[in-house]
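Any read-out appearing in this document is the output of simple, stated calculations on the displayed coordinates, not a laboratory observation. Since the structure is predicted, the reported quantities are computational estimates derived from the model, not experimental observations. Positions of Cβ are backbone-derived with ideal geometry, glycine not excepted, and every protein chain shown enters the neighbour counts.
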């Protein structure tokens with residue numbers, strides 16, 4: 001609406017990290033011109049959100065040019081999703097400009113891109129479709145909210161009735177609050193998601209406690225924010241608090257009951273909590289939408305082994321090994337080794353002892 005174009009963009013090399021990879025800083029600016037019915041608080045919120053969006057768009061253009069990223073042969077949409085889910089933006093400067101009759105809110109943000117780190121994080125997301133799905137959902141929802149916000153601002157400027165203006169302002173506040181909550185949720189995704197699924201990575205109790213409190217607040221304020229609940233579940237899963245993790249995924253499923261990835265996530269939690277029959281039912285539900293997804297085949301193979309059904313375990317283990325020959329759905333080495341164990345042990349007729357993994 002009344003945010004002006006980016007005034008300048010700064011891309012410069014900071015330090016080489018590894019051969020062929022470097023760190024880049026990208027600045028983006030946004031100016032919101034206040035009208036008679038606009039508040040400075042809302043103007044700052046809008047200018048900040050728009051500057052961050054512009055920075056990520058510019059970052060996406062740069063990311064697409066990186067050799068490390070090109071090796072993954074990502075689509076333009078993939079680049080946009082991964083950039084939004086990995087690159088952090090921070091406000092570095094803000095001020096009120098213009099005149100008393102025509103004030104402007106100016107905000108500058110900066111994001112830093114480490115090509116080597118980015119490539120590793122993209123690889124992590126490539127092995128976790130549920131994580132990528134959450135990122136994709138966030139990008140689509142933020143774009144829808146941005147359009148809704150623009151329409152509300154348009155209506156508010158043309159509104160002459162004071163009571164109606166206040167009602168419209170409340171709608172604007174609601175949309176801005178959801179945009180900011182999404183932005184905050186994504187900040188925690190960027191910081192935690194790549195490490196939560198790597199047991200070799202240290203995560204401090206203070207860091208997890210801070211994220212848990214923030215995500216719980218966001219989920220209570222906006223029950224439709226399934227990303228906050230999925231990340232909360234992942235934190236509880238890392239802490240081996242499976243009942244709490246299960247509760248968060250079930251809450252997310254209330255908002256998205258047909259999400260095959262959420263059903264697979266719930267099944268994996270139930271399996272870790274040794275509820276193997278219930279886990280199997282979730283995997284069967286997920287199969288309707290995911291088909292022969294390698295992660296799902298992995299869960300079927302290991303769950304059937306836990307249940308002592310080696311014929312079924314072998315069937316799914318073999319389907320897994322056949323499926324991973326195709327490069328479109330990469331899986332971790334640990335997952336491959338676990339399925340090889342199923343083939344070896346069930347080939348000898350050995351069921352897996354029912355223990356957590």
Rounding to the nearest 10 and keeping the result within 0 to 90°, find how far the Cα-based axis of helix 260-272 lies from the longest principal axis of the chain. 50
Between residue 318 and residue 247, what is the label-to-label distance in nm when each label sits 7 Å out along the Cα-to-Cβ direction? 4.4
Determine the relative contact order of region 260-357: mean sequence separation of Cα pairs under 8 Å and six or more apart, normalised by residue count, in whole percent. 29
Taking 56 Å as R0, compute the FRET efficiency from the Cβ-Cβ separation of residue 40 and residue 277 and round it to 0.05. 0.45
Using a Förster distance of 41 Å, the FRET efficiency for residue 184-residue 343 (Cβ separation, nearest 0.05): 0.40
Run the numbers for residue 329 and residue 95: contour at 0.36 nm per residue of separation, minus the present Cα-Cα distance, in nm. 79.6 nm
How high is the FRET efficiency from residue 256 to residue 72, r the C-beta distance, R0 30 Å, rounded to 0.05? 0.65
Extension gain (nm, one decimal) between residue 220 and residue 204, 0.36 nm per residue minus Cα-Cα: 3.3 nm
Percent relative contact order of region 22-131, based on C-alpha pairs within less than 8 angstrom and at least six residues apart? 40
May I ask for the angle, rounded to the nearest 10°, between helix 294-306 and the longest principal axis of the chain, with both axes built from Cα atoms and the value confined to 0 to 90°? 40
Helix 310-323 versus the longest principal axis of the chain: what angle, 0 to 90°, nearest 10, using Cα atoms? 50
Mind sorting out which of [x] 36, 26, 18; [y] 43, 24, 16; [z] 30, 25, 21 is the real semi-axes √(5λ) of the Cα gyration tensor in Å computed from the coordinates? [y]
Which residues in region 174-210 have a backbone N closer than 16 Å to a point placed 7 Å from the Cα of residue 120 along the Cα-to-Cβ line? 190-203
Quick check: pseudo-label points 7 Å beyond the Cα along Cα→Cβ at residue 161 and residue 213, how many nm apart are they? 4.4
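With an 8 Å Cα cut-off and a minimum separation of 6 or more residues, compute the relative contact order for the chain in percent.
That works out to 11 percent.
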Which residue, 334, 119, 213, has the most motion in a Gaussian network model of the chain that connects Cα atoms within less than 10 Å? 334
